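A.B. asks: First the structure, then my questions, so here it is.
The values are calculated or read from the model by the stated rules, or taken from the named source; none is laboratory data. Computed from a prediction, not measured in an experiment: that's the story for all the values here. Positions of Cβ are generated from backbone atoms using ideal geometry, with glycine treated the same way; all protein chains shown enter the neighbour counts.
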Amino acid sequence: MFLEKSTIPNQGRGWIEVIVGSMFSGKTEELIRRLNRARIARQRIEIFKPEVDKRYDEVNVVSHNENSVRSIPVANSSQILLYIAGLDVVGIDEAQFLDADLPAVCNYIANQGIRVIVAGLDMDFQGKPFGPIPALMATAEYVTKVHAICMRCGDLAQYSYRTIESEKLVVLGEKDSYEPLCRKCYTNIKIGFRD
């Protein structure tokens with residue numbers, strides 16, 4: 001469907017930017033910052049988020065610092081294509097919750113001359129690559145990895161350690177369910193060693 005020749009006039013050179021990291025690392029904050037700069041430059045923007053993410057708000061994308069921007073919730077990545085006509089910049093938050101078509105959708109949008117900025121977790125709670133993010137990182141022009149602070153030792157954190165019992169891949173939660181950890185602290189917990 002989205003691989004057909006576009007009917008949208010090429011508005012310039014498009015590309016993909018991916019912002020990844022653990023929970024509490026500032027991914028959404030950075031996405032909002034980039035979108036605000038595009039808005040100041042009078043570019044036409046739209047931001048999307050998965051319908052499943054209702055932690056802070058049904059519609060708005062909200063950072064942990066409580067900055068927010070209006071968004072369009074989507075059930076799947078292909079729905080984004082319904083809204084791209086006339087846009088200069090597309091933002092997508094919590095992209096790890098979208099389907100495997102996301103990289104193809106983002107590449108299609110970028111090929112139309114639109115800048116695409118995507119934020120999401122690069123690893124799940126088990127420390128494994130999460131959803132469509134790895135494939136998207138492989139085709140993106142720019143990848144930014146942001147880090148949280150380890151809640152155990154204060155080093156840079158890259159893991160989202162789940163503090164509640166659940167083996168489900170997707171458990172929406174905040175500080176009551178997850179904490180950012182560095183490699184050493186995450187590994188020590190996984191092998192049962194406590195400092």
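A.B. asks: Test Ile164 against the criterion of being in contact with a Gly (Cβ under 9 Å, 6 or more places away or on another chain) and part of a loop (DSSP other than H, G, I, E, B), and give yes or no. Spell out the reasoning first.
C.D. replies: Values: in contact with a Gly (Cβ under 9 Å, 6 or more places away or on another chain): yes; part of a loop (DSSP other than H, G, I, E, B): yes.
When the stated conditions are applied, Ile164 passes them.
A.B. asks: Keeping to segment 20-32, report how many residues are modelled with pLDDT of 95 or more and surrounded by fewer than 21 Cβ atoms within 10 Å (Cβ to Cβ).
C.D. replies: Residues meeting the conditions: 1.
Yes or no, residue by residue, for (1) in contact with a Leu (Cβ under 7 Å, 6 or more places away or on another chain); (2) over 23 Å from Leu169 (Cα atoms):
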{"site": "Ala75", "(1), (2)": "no, no"}
{"site": "Tyr83", "(1), (2)": "no, yes"}
{"site": "Gly86", "(1), (2)": "no, yes"}
{"site": "Val90", "(1), (2)": "no, yes"}
{"site": "Asp93", "(1), (2)": "yes, no"}
{"site": "Asp101", "(1), (2)": "no, no"}
{"site": "Ala110", "(1), (2)": "no, yes"}
{"site": "Asp122", "(1), (2)": "no, no"}
{"site": "Ala140", "(1), (2)": "no, yes"}
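A.B. asks: It is to be established whether one or more residues within segment 148-170 are among the basic types (Lys, Arg) and modelled with pLDDT of 95 or more. Before you say what the answer is, go through the steps one by one.
C.D. replies: Taking segment 148-170 first, the residues among the basic types (Lys, Arg) are 152, 162, 168.
Adding the requirement that they be modelled with pLDDT of 95 or more leaves 152.
Within segment 148-170, one or more residues are among the basic types (Lys, Arg) and modelled with pLDDT of 95 or more.
A.B. asks: I'd like to know if segment 79-86 contains one or more residues that are of a type in the set (S, T, N, Q), modelled with pLDDT of 95 or more and crowded, with 17+ Cβ neighbours inside 10 Å.
C.D. replies: Scanning segment 79-86, I find no residue that is of a type in the set (S, T, N, Q), modelled with pLDDT of 95 or more and crowded, with 17+ Cβ neighbours inside 10 Å, so the answer is no.
A.B. asks: Does Val116 count as in contact (Cβ under 8 Å) with a residue 12 or more places away in the chain, in contact with a Gly (Cβ under 9 Å, 6 or more places away or on another chain) and more than 30 Å from Glu167 (Cα to Cα)? First the steps, then the outcome.
C.D. replies: Values: in contact (Cβ under 8 Å) with a residue 12 or more places away in the chain: yes; in contact with a Gly (Cβ under 9 Å, 6 or more places away or on another chain): yes; more than 30 Å from Glu167 (Cα to Cα): yes.
Yes: the conditions hold for Val116.
Results for (1) β-branched (Val, Ile, Thr); (2) at pLDDT below 95; (3) surrounded by fewer than 16 Cβ atoms within 10 Å (Cβ to Cβ); (4) more than 20 Å from Val143 (Cβ to Cβ), shown as yes or no for each residue.
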site	(1), (2), (3), (4)
Leu3	no, yes, yes, yes
Val18	yes, no, no, no
Asp53	no, yes, no, yes
Tyr56	no, yes, yes, yes
Asn60	no, yes, yes, yes
Glu66	no, yes, yes, yes
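A.B. asks: Moving on to the next point. With the structure loaded, tell me whether Ile72 is at pLDDT 65 or above, surrounded by fewer than 18 Cβ atoms within 10 Å (Cβ to Cβ), closer than 19 Å to Pro132 by Cβ and in contact with a strand residue (DSSP E or B) (Cβ under 7 Å, 6 or more places away or on another chain) or whether it fails that test. Quick ask: steps written out before the conclusion?
C.D. replies: Values: at pLDDT 65 or above: yes; surrounded by fewer than 18 Cβ atoms within 10 Å (Cβ to Cβ): yes; closer than 19 Å to Pro132 by Cβ: yes; in contact with a strand residue (DSSP E or B) (Cβ under 7 Å, 6 or more places away or on another chain): yes.
In short, yes.
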